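Colleague: Before I ask anything, let me first share the structure, which is written out below as structure tokens.
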Amino acid sequence: MADLTKPATMYRISGYKIDANGRSTWTTYDVPLIQTSAKSSMSAKQDAMSWGLGFSQNTPKPHNRREMHKTNQMGIVWVMSGHLENTIQDGEMRRRGAGEGNFVHGHALHHSHMRSTVPTTTLSLNLTDKVTPGYTFK
């Protein structure tokens, strides 16, 4: 059990990876954290290519449910408001709400739906302009 009186030393973020058969699957990535004060910590500076805010009207009914795409860039998508549903090749869907992030492997096929009672706002941080095998956080 974690000692809640000390800052965390690792942040675990969910995301996609490519399995041995070349298909997208869910996994987790560990981001090392550095203690910055008695009660806080943060990651080391991560190299990044670009960032942007996205504002999407919601999808009341699932459209193009089977459409899968890849980004060809590795990054993190944080939900700032609303909900984001991501489905990968095996059909498993995970839903993210405000304050939750997801690591995007640039070659992992996935599909996204914006599904909530308010518009979905996302913050996308593009870490690389191409997929880097064995990418690890600093």
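The values are calculated or read from the model by the stated rules, or taken from the named source; none is laboratory data. In this text, all values refer to a predicted model and were calculated from it rather than measured experimentally. With ligands, DNA and RNA removed, areas are computed over all heavy atoms of the protein, side chains included. Shrake-Rupley method; radii C 1.70, N 1.55, O 1.52, S 1.80 Å.
Colleague: Taking H placed 1.01 Å from N in the peptide plane, check which residues at least 5 places from A98 or on another chain put their amide H under 5 Å from its amide H.
Modeller: G82
Colleague: Could you give me the ³J(HN,Hα) list for the range 43-50, computed from phi with Karplus coefficients 6.51, -1.76, 1.60 and θ = phi - 60°, whole Hz, x at Gly and Pro?
Modeller: Result, ordered by residue: 6, 5, 4, 9, 5, 9, 9, 6 Hz.
Colleague: Tell me, what is the percent relative contact order of the chain, built from C-alpha pairs under 8 Å that lie six or more residues apart?
Modeller: With pairs under 8 Å counted, the relative contact order is 31 percent.
Colleague: Here's something else I'd like to know. What are the ³J(HN,Hα) couplings of the range 8-21, residue after residue, when phi is run through the Karplus curve with 6.51, -1.76, 1.60 and θ = phi - 60°? Round to Hz, x for glycine and proline.
Modeller: Along the range 8-21, the couplings run 5, 10, 8, 10, 9, 10, 7, x, 9, 8, 9, 7, 4, 9 Hz.
Colleague: Sticking with this one: L53: accessible area at probe 1.4 Å, nearest 10 Å²?
Modeller: Estimated to the nearest 10 Å², L53 gives 130 Å².
Colleague: Sort W78, W51 from largest to smallest accessible area, using a 1.4 Å probe on the heavy atoms of the protein chains.
Modeller: Sorted descending by solvent-accessible area, the residues read W51, W78.
Colleague: Computing the accessible area with a 1.4 Å probe over protein heavy atoms, can you report the carbon and sulfur percentage for the chain?
Modeller: 55
Colleague: Accessible area per residue of the range 34-138 at 1.4 Å probe, in Å²?
Modeller: It amounts to 60 Å² per residue over the range 34-138.
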